[in-house]
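This report concerns only the one structure given below.
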Amino acid sequence: MQTSAAPVLQLTDIEKIYQTKTIETVALHRINLTIGRGEFVSIMGPSGCGKSTLLSLMGLLDEPTHGTVAVDGRPVQSYSDKELAGLRNLKIGFVFQSYHLINDLAVLDNVELPLLYRPGLSGKDRRQRALAALDKVGLSARTNHFPSQLSGGQRQRVAIARALAGAPEIILADEPTGNLDSVMGEEIMDLLLGLNREHGTTIVMVTHDEQQALKTQRLIRLFDGSQVG
Amino acid sequence: MLKHLFTLIWNRKRANALLIVEIFLAFVVLFVVGSLLVYRWQNYRAPLGFAYEQVWVVDLDPGMQPKAERYATQQQVIQRIKSLPGVRAVTRTSSNTPFSNSHNSSDINRPGEHIRRPASNVYDLDDAAGDVLSIPVEEGRWFDRRDDGALVAVISHDMKELLFPNETALGKLVEANGNRRIVGVTAPYRADGDFADPKQAIFLRNGLQDTTFDHLQTLLLRVQPGAGGALEKQISADIRAIGAGWSSNITPLSEAREKQMKTVLTPLVALVITCVFLIVNVALGLFGVLWQTINQRRSEIGLRRAIGASAGGISGQILGEILVVATFGLALGLLAAAQFPLLGVLGVRVGVYLTAMALAAGLVYLLTVVCALYPSRLAAGIQPAVALREE
Ligand SMILES: Nc1ncnc2c1ncn2[C@@H]1O[C@H](COP(=O)(O)OP(=O)(O)O)[C@@H](O)[C@H]1O
Ligand SMILES: [Mg+2]
């Protein structure tokens, strides 16, 4: 469809300012970033430097104050809320530090969730895809458990399965190992590396762990809202 | 998506139980009150079986006059009133005139029959009553001079259905102060007023030979349109002049009707007001719980936005959820409501219950949608990026 030369994500001259009644926070300043297809990029920086903000702009969850975000070479600022939602559903998978699983839904229902928002899929299709995704993260035996019955590492694997179920081109992971001990963190990191290697999934990951960052292809450092190398 | 909503609500059944109970109660209250209102309304819409406009009731009080003289005086009074230019017709009747809340009821059977039946209203009238009250006759005729020397009766539609369900009633006998031959069948007659059920009625003819004053001391007049206070005063004066010590009390039937409607409507209005208060309470409860739920579910809503729900999709989901919850409550409510016609609790027609069920269900859905509208918009307005960073 699109020329393969177009980058998956392109951020041009991004400025993000949070305006509250009393203060104005410049969360991002003059960010220019290109994420190529199949890249595994990590983002590092001290707390509050704008990493999560950057990820939510890439994930089309928020709009920049200035500058443009382009997906597959197409700027998205003119897209309607509905179109953006469709694009997120189709292209992007999210993984969060705090998992964001729905506690009242069983593992399988959690993983099926993104597919519910995709028109034209039968219940059977959804189930099969969700089961396949759970198989990839090694949780086939836990489909009927509830999140509260799982360990932190297992919960994060469910969240990754949920991101995978929709077969997105991009996975945006915001400190996915931040709540996990090093052994579980290692497992998650291996999972992401495997996805990138075997399926060519583009991954942008925020991390505090230098060791993890070293395993990725490119490292972006942020400081006080600006890119520093 | 619907299956997803069911799963979600089923898994949160404890949190939703309160809402379900509230909706169940709201439905049952609306259903019961609705049944009464529908019942009254349907009766109100049905014809009365007589005309009350331009009909006056004249209650005669003979005072201390000796009993033997009363009939003659009453005849003089009738002749005098008949001769007044504003009066079209006069009839002598028992005191159970329309809207009077006065009854004369009795078990009416076919001769020789001994079946326990619901009691019937018995009206003693004369030949002019059919004209004065414009009682529509479905079959046969109202009584007249041809019936002199015979014992006759006219019965209402409902009595015909009760005593002669599959045959003609004309010419048959009924037992009411002797065996009487039926000469006519009227439309359903509802002297108990606009809100009452039709009850079977029998009209007994009192011919000229009937010279008692007792039980027939009330007159009904049909007056000219526009007749008013002047005629009323004239009649009162004439009665006083003819009968020494006589007095009278004149009431237009339309006035009696209004008074009677008030006595039925007052408790109904009180019931409706109570019901409205209750429903407003339920609505506020629903609204509060929903609002609170939205605040507790910010992170879930943020996540749903992230994985592909649009703002409209979120508000649709919230509305969908409350409608599913309402459906659970309604299902329970319908089970309870179905017992009413089965057990005959309120003693109204089955159609009334069904109409009330449909009305109550519609109102409950409307109520839940109205209560969910603002919370669902609130949910749609949640910024995903903000909601996802909380915790
Ligand atoms: N919704 C918001 N309103 C106001 N300020 C915000 C908001 N979101 C983030 N910020 C501010 O923007 C800056 C960057 O935040 P964030 O992107 O979360 O940093 P990081 O993820 O690197 O810790 C911080 O100073 C934070 O307080
Ligand atoms: Mg962050």
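Heavy-atom accessible area buried between chains B and A is around 2200 Å² (1.4 Å probe, both sides summed).
Averaged over A:97-106, how many beta carbons belonging to a partner chain fall within 10 Å of each residue's beta carbon? Mind dumping the intermediate values first?
Numbers: counts 2, 5, 2, 10, 3, 7, 3, 10, 6, 2.
The shielding value for this peptide is 5.
Compactness ratio for chain A: Cα radius of gyration over 2.2 N^0.38 Å (N = residue count) comes to 1.01. Suppose we keep just the DSSP beta bridges with both residues in chain B; what percent of those would be antiparallel, to 5? Roughly 75 percent of the beta bridges in chain B run antiparallel, per DSSP.
Remark: the protein assembly as shown projects, on average over all directions, an area of 43.0 nm² (convex hull of Cα atoms). Within the full protein context, the accessible area of B:LYS82 is estimated at about 110 Å² for a probe radius of 1.4 Å. Where only DSSP H runs of four or more residues are counted, chain B gives -18000 deg cm²/dmol as its mean residue ellipticity at 222 nm, each run worth -39500 (n - 2.57).
Listed by chain and number, the lysines whose alpha-carbon sits under 23 Å from that of A:LYS136, ignoring those within fewer than 8 places in the same chain, are A:LYS91, A:LYS124, A:LYS215.
Seen against the Cα atoms of chain A and their longest principal axis, helix A:107-116 is set at about 60 degrees.
Averaging the Cα positions of each part gives two centres, and for the range B:246-294 and the range B:307-354 these lie 24 Å apart.
Membrane-span-like helices in chain B, defined purely by DSSP H runs whose alpha carbon atoms cover 15 Å or more axially and whose average Kyte-Doolittle hydropathy reaches -1.0, are B:13-45, B:229-242, B:253-296, B:311-343, B:350-380.
Taking amide H as placed 1.01 Å from N in the peptide plane, B:ASN104 has its amide H under 5 Å from the amide H of B:VAL122, each at least 5 places away in sequence or on another chain.
Rolling a 1.4 Å probe over the protein heavy atoms gives the range B:109-263 an accessible area of 46 Å² per residue. In the context of the full set of protein chains, residues of chain A present 45 Å² of accessible surface per residue (probe radius 1.4 Å, heavy atoms only).
Let's see if you can work this out: charge +1 on each Lys and Arg Cβ, -1 on each Asp and Glu Cβ, no other charges. What is the dipole magnitude of the range B:63-245 about its Cα centre, in debye to the nearest 20?
400
Overall size of the range B:135-235 from C-alpha positions, given as principal axis extents largest first: 50, 36, 22 Å. In the range A:59-77, the residues that give up 10 Å² or more of accessible area when the other protein chains are added, compared with the chain on its own (1.4 Å probe), are A:LEU61, A:ASP62.
Could you work out what % of the accessible surface of the range B:63-245 is carbon and sulfur, using a 1.4 angstrom probe and leaving DNA, RNA and ligands out of the count? Reported share for carbon and sulfur atoms: 50 percent.
Across the range A:84-96, coupling constants 3J(HN,Hα) worked out from phi with the 6.51/-1.76/1.60 Karplus curve, θ = phi - 60°, read 4, 4, x, 5, 4, 5, 7, 9, 10, x, 10, 10, 10 Hz, and Gly and Pro carry x.
Protein heavy-atom surface of chain A, 1.4 angstrom probe: 50% of the accessible area is carbon and sulfur, with nucleic acids and ligands not counted.
Output the relative contact order of the range B:63-245, whole-number percent, from Cα pairs under 8 angstrom with separation of 6+ residues.
Once normalised by length, the contact order is 33 percent.
Projecting the Cα atoms of B:GLY130, B:VAL223, B:ASN166 onto the charge dipole of the range B:63-245, computed from C-beta unit charges around the Cα centre, puts B:VAL223 farthest toward the positive end. Peptide B:96-108 has a mean shielding of 0, counted as Cβ atoms of other protein chains within 10 Å of each residue's Cβ.
The values are calculated or read from the model by the stated rules, or taken from the named source; none is laboratory data. Note that this is a predicted model, so its numbers are computed, not measured. All Cβ positions, even for glycine, are placed from backbone atoms using ideal geometry, and neighbour counts span all protein chains on display. With ligands, DNA and RNA removed, areas are computed over all heavy atoms of the protein, side chains included. Shrake-Rupley method; radii C 1.70, N 1.55, O 1.52, S 1.80 Å.
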